[in-house]
Amino acid sequence: GEKVEQHESTLSVREGDSAVINCTYTDTASSYFPWYKQEAGKGLHFVIDIRSNVDRKQSQRLIVLLDKKAKRFSLHITATQPEDSAIYFCAASPDTNAYKVIFGKGTHLHVLP
Amino acid sequence: GGIITQTPKFLIGQEGQKLTLKCQQNFNHDTMYWYRQDSGKGLRLIYYSITENDLQKGDLSEGYDASREKKSSFSLTVTSAQKNEMAVFLCASSAEQFFGPGTRLTVL
């Protein structure tokens, strides 16, 4: 089945710099790649997604890139702010079962003043 | 907008005890999910349900039962709590994954 690897378990950046979180997946049939943010003591909430028919998507300071050949996708947070500090999860959903979403292990992003 | 509620917020159990966690959503979503979150291991799918009375096993279903009594609610039962177990159980609805705030389980 699908496996999603999230490469950075912890990432620290200075406020105003960019943060990049990288993920890889194994199932070539995966076509939907959402990202979630979890703040301390809370559940996850959706931040941005990308589908396999495009290779880039931007929503304000968030950019997602998808490289289908390398089975790699990444989340770029530009001009980071203290409220960006959280755990970020990447995920992938295979075409064979669109109901199942496989999550990475999470990246704890610290935005330092 | 809708909301997902999970009860209880904190659950303390004894080894071997059967424990039930509840989840309610008012989005009118068809699909609901239960995940277990352990530190450093991400989220692992326990059960999901595509519609009322449907149950599908996830990768971590052993040791758990689930029940989709009606469209708005999805319950998870830990059939026999393991000593020193600590985890957060997250409920979600819709394939787009709207999450509840979680139930934190501690087994003494």
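To the nearest 0.05, how large is the calculated FRET efficiency for A:Lys42 and A:Lys69 if R₀ is 35 Å and r is the Cβ-Cβ distance?
Efficiency, from the Cβ-Cβ distance: 0.45.
Checking buried surface per residue: for the range A:32-46, which residues lose a minimum of 50 Å² accessible area in the protein assembly relative to the chain alone (1.4 Å probe)?
Residues of the range A:32-46 that lose at least 50 Å² of accessible area once the other chains are added: A:Leu44.
Could you name the aspartates and glutamates in cross-link range of A:Lys71, using Cα to Cα under 18 Å and dropping any fewer than eight places away on the same chain?
A:Lys71 reaches A:Glu2, A:Glu5, A:Glu8, A:Asp27, A:Asp49, A:Asp55, A:Asp95.
With θ set to phi - 60°, apply the Karplus curve 6.51 cos²θ - 1.76 cosθ + 1.60 along the range A:40-53 and write out the HN-Hα couplings as whole Hz, x wherever there is a Gly or Pro.
In residue order, the calculated couplings are 3, x, 10, x, 7, 9, 5, 10, 6, 9, 8, 10, 6, 7 Hz.
For the range A:47-113, what's the relative contact order in percent, using C-alpha pairs closer than 8 Å and at least 6 residues apart?
22 percent
What's the center-to-center distance, using Cα atoms, between the range B:41-108 and the range A:19-90 in Å?
24 Å
Could you give the alpha-carbon Rg of the range B:21-75 over 2.2 N^0.38 Å, rounded to two decimals?
Against the empirical 2.2 N^0.38 Å value, I get 1.11 for the range B:21-75.
Provide the gained length on full extension for the span B:Ser61 to B:Phe27, in nm with one decimal, where the gain is 0.36 nm per separating residue minus the Cα-Cα distance.
9.7 nm
Using only the Cα atoms of chain A, what do you get for the radius of gyration and for Dmax, in Å?
13.5, 44
So which of A:Lys57/B:Lys71; A:Lys37/B:Lys83; A:Lys105/B:Lys57 end up more than 28 Å apart by C-alpha? Numbers along the way, then the final one.
On the way: A:Lys57/B:Lys71 33 Å; A:Lys37/B:Lys83 30 Å; A:Lys105/B:Lys57 20 Å.
As for pairs spanning more than 28 Å Cα to Cα, those are A:Lys57/B:Lys71; A:Lys37/B:Lys83.
Based on the alpha carbon coordinates of the protein assembly as shown, what radius of gyration and maximum Cα-Cα distance (Dmax) apply, in Å?
In Å, with Rg to one decimal and Dmax whole: 17.5, 50.
Which residues' amide hydrogens lie under 5 Å from the amide hydrogen of A:Ser30, considering only partners 5 or more residues apart or on another chain, with H built in the peptide plane?
Those lying under 5 Å, H to H, from A:Ser30 are A:Asp95.
Please list B:Leu11, B:Leu90, A:Leu112 from largest to smallest accessible area, probe radius 1.4 Å, with all protein chains kept in place.
Order by accessible area, largest first: A:Leu112, B:Leu11, B:Leu90.
Hey, any idea what % of chain B's accessible area is carbon plus sulfur with a 1.4 Å probe?
Carbon-and-sulfur percentage of accessible area, whole number: 47.
Comparing B:Gly58, B:Gly42, B:Gly13, which has the greatest mean-square fluctuation in the GNM of chain B with Cα pairs linked when under 10 Å apart?
B:Gly42
Residue farthest toward the positive end of the dipole of chain B, with Cβ of Lys/Arg at +1 and Asp/Glu at -1: which of B:Phe74, B:Thr106, B:Thr20?
The residue sitting most towards the positive pole is B:Thr106.
Mind grabbing the interface size between B and A? I mean buried accessible area, both sides, 1.4 Å probe, in Å² to the nearest hundred.
1500 Å²
When only C-alpha pairs under 8 Å and at least 6 residues apart count, what is the relative contact order of chain B, in percent?
On the way: 288 pairs, mean separation 38.9, N = 108.
Relative CO of chain B lands at 36 percent.
Before I look further, what does chain B give for accessible area per residue, probe 1.4 Å, in whole square angstrom?
Normalised by residue count, the accessible surface of chain B is 49 Å².
Among A:Thr10, A:Pro94, A:Ala40, whose Cα lies farthest out toward the positive end of the dipole of chain A, if unit charges sit on the beta carbon of Lys, Arg (+1) and Asp, Glu (-1)?
A:Pro94
The values are calculated or read from the model by the stated rules, or taken from the named source; none is laboratory data. Predicted model, so just to flag it, every value in this text is computed and none were measured. So basically every Cβ, Gly included, is an ideal-geometry build from the backbone, and we count neighbours across all protein chains shown. The protein model used for the area step is the full one, side chains on, heavy atoms only, and it has no ligands, DNA or RNA in it. Shrake-Rupley method; radii C 1.70, N 1.55, O 1.52, S 1.80 Å.
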